[in-house]
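Each reported figure results from applying straightforward, stated rules to the coordinates on display, with no laboratory input. Computed from a predicted structure; not experimentally measured. A quick note on method: Cβ atoms are made from the backbone with ideal geometry, for glycine too, and the neighbour counts reach across all protein chains shown.
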Amino acid sequence: MQQGDTYTHRFTAGNAVYDGFISTFKDTNPLHTDAAFAQAKGFKDVVLHGNILNGFISYFVGMCLPVKNVMIQTQSIKYALPVYMNDELEFTAEITGFFESVNTYEFKFFFKNKEGKKVAKGELQIGLLK
Amino acid sequence: MAADTIAQVNKIFIDVLDNEDIVLDPTTSAKDIDEWDSLNHIQLIVAIEKHFKIRFNSSEINGWKNVGEMCAAIEKRLEQ
């Protein structure tokens, strides 16, 4: 792993993750559960919870990197567009910095929907466990 | 040690550790600041390296006993 390395992974924001999120965290705000409410607020359907994307980031860090001795240290995300049920998302993360002194990598990442539009972007810092 | 170096490091500590009351001196070490734990130590080093646009290696930072040694290492690296 070195600066400039780029990783991509495809996620589907489907029923399983949506139901699992609601079952686990009980966030049934009408924006996420009531299509009429969401449409009245200008969205085409219920909007998936933004923090579902953070779950995808967790999967990326834990399962997609070439090493498993990793731990998220900091993470920030900005949401640009809503994500709807069954949206296919392409996640891209690039290593933008490496701090050998503390075994820490910095990434910039973004999610694009199938229309190629960025729905979210952010930064991530992970450490390699000794 | 230049006063400006420790002043800049002091600002980084205040920001990273979210504690406006921190006043560093050369003898300050992790045992003197509650928030200076192992995870925050990583954030401090990353912030210092980014702020001063320098890089250390692990053996260097593991040798620091206090803020004075940290600042001396920063200044030495800036001179190189």
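Some values worked out for this structure:
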| item | result |
| --- | --- |
| Degrees between helix B:3-17 axis and first principal axis of chain B (Cα, 0 to 90, nearest 10) | 50 |
| Violating pairs (Cα-Cα greater than 22 angstrom) within the set A:K78/A:K108; B:K11/B:K65; A:K26/A:K117; A:K112/B:K53; A:K44/A:K114 | A:K26/A:K117; A:K112/B:K53 |
| In sequence order, calculated HN-Hα J values of the range A:13-26 (Karplus, 6.51, -1.76, 1.60; Hz; x Gly/Pro) | 7, x, 4, 4, 6, 5, 5, x, 5, 5, 4, 7, 9, 6 |
| Radius 12 Å from Cβ of A:T12, net charge of other residues (Lys, Arg +1; Asp, Glu -1) | -1 |
| Magnitude of the charge dipole, the protein assembly as shown, Cβ model with Lys/Arg +1 and Asp/Glu -1, debye to 20 | 800 |
| Calculated over the range B:3-79: convex hull of Cα atoms, volume per residue (Å³) | 84 |
| For the range A:1-20 and the range A:81-119, distance of Cα centres in Å | 8 |
| In sequence order, calculated HN-Hα J values of the range A:32-42 (Karplus, 6.51, -1.76, 1.60; Hz; x Gly/Pro) | 9, 10, 10, 4, 4, 4, 4, 5, 5, 8, x |
| Convex hull per residue volume in Å³, alpha carbons only, for chain A | 105 |
